[in-house]
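The values are calculated or read from the model by the stated rules, or taken from the named source; none is laboratory data. Note that this is a predicted model, so its numbers are computed, not measured. Glycine also receives a Cβ, built like all others from the backbone with ideal geometry; neighbour counts cover every protein chain displayed.
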Amino acid sequence: MAERSGYLYDVLRDGEPTGTQVCVTEQEAAEQEQVTPGRVLRAFRRLSWPRSELVIQPPGGTTLVNLPTIFYTDNTAPSRQRVTLLRQGVLIEATPTTYTWHYGDGTSTSTPTAGTPYPAFDITHEYGTVDTFAPRLDTTYTGRYRLEGGPWIAIPETLTVTGASQRLQTVEAIPTLVDY
């Protein structure tokens with residue numbers, strides 16, 4: 001029987017019982033110690049990224065039926081988090097790239113912009129009935145990472161963070177003639 005040289009590692013592989021020991025060569029061991037895009041993707045998914053705060057105008061949780069209600073968020077800047085993978089520092093950056101506006105009435109819209117407040121508003125929705133709704137804003141992030149001082153590398157998948165819903169009541173305005 002030929003003698004083999006290598007390193008004995010505890011390896012966790014899909015489909016094998018926990019604690020399986022596998023003998024690997026020095027090259028295989030070095031490959032196991034590399035930060036790969038897959039490892040970074042798993043870290044990107046595990047990290048907590050900011051929810052976009054949904055701002056509604058008019059404020060106060062009440063809007064009028066059949067008139068535009070304005071929606072926007074201030075979450076437009078990239079967020080960065082530093083993690084350690086395999087004893088290497090990795091900087092992960094998540095940039096909001098798609099905003100999905102769920103209006104609470106069964107309709108939604110996706111935009112690449114975060115909207116703007118009055119008077120330059122661009123994301124609006126008109127509610128057609130008197131009711132109470134629960135609009136929310138989901139944010140899809142694209143990611144990139146870099147090892148200490150290295151170049152930025154794109155993360156191959158996006159991540160969507162579900163926003164918190166808000167209570168919004170629609171009311172009807174009834175015009176009244178007044179004699180002064």
Matching residues in the stretch 76-110 - criterion: being of a type in the set (A, V, I, L, M), under 12 Å from Tyr141 (Cα atoms) and surrounded by 13 or more Cβ atoms within 10 Å (Cβ to Cβ)
Ile92, Ala94
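Does Thr170 qualify as being under 22 Å from Pro58 (Cα atoms) and out of contact with any strand residue (DSSP E or B) (no Cβ under 7 Å at 6 or more places or on another chain)?
No; evaluated as a whole, the condition is false for this residue.
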Can you name every residue in the stretch 63-112 that is farther than 26 Å from Val35 by Cα, of a type in the set (Ser, Thr, Tyr) and in a strand (DSSP E or B)?
Thr63, Thr69, Tyr72, Thr98, Tyr99, Thr100, Ser108, Thr109, Ser110, Thr111
Filtering the stretch 139-180 down to residues that are of a type in the set (A, V, I, L, M, F, W, C) and assigned to a strand (DSSP E or B), which residue is nearest to Glu53 (Cα to Cα)?
Val161
Output the residue which, of all residues in the stretch 47-68 that are more than 24 Å from the chain's Cα centre (by Cα) and polar (S, T, N, Q), is surrounded by the most Cβ atoms within 10 Å (Cβ to Cβ).
Thr63
Single match in Tyr118, Tyr72, Tyr103, Tyr127 (criterion: within 29 Å of Ala173 (Cα to Cα), under 18 Å from the mean Cα position of the chain (by Cα) and aromatic (Phe, Trp, Tyr))
Tyr72
What about Glu148, is it among the charged types (D, E, K, R) and either at pLDDT below 95 or within 13 Å of the chain's Cα centre (by Cα) (or both)?
yes
Odd one out for His125 among (1) part of a strand (DSSP E or B); (2) loosely packed, with under 14 Cβ neighbours inside 10 Å:
(2)
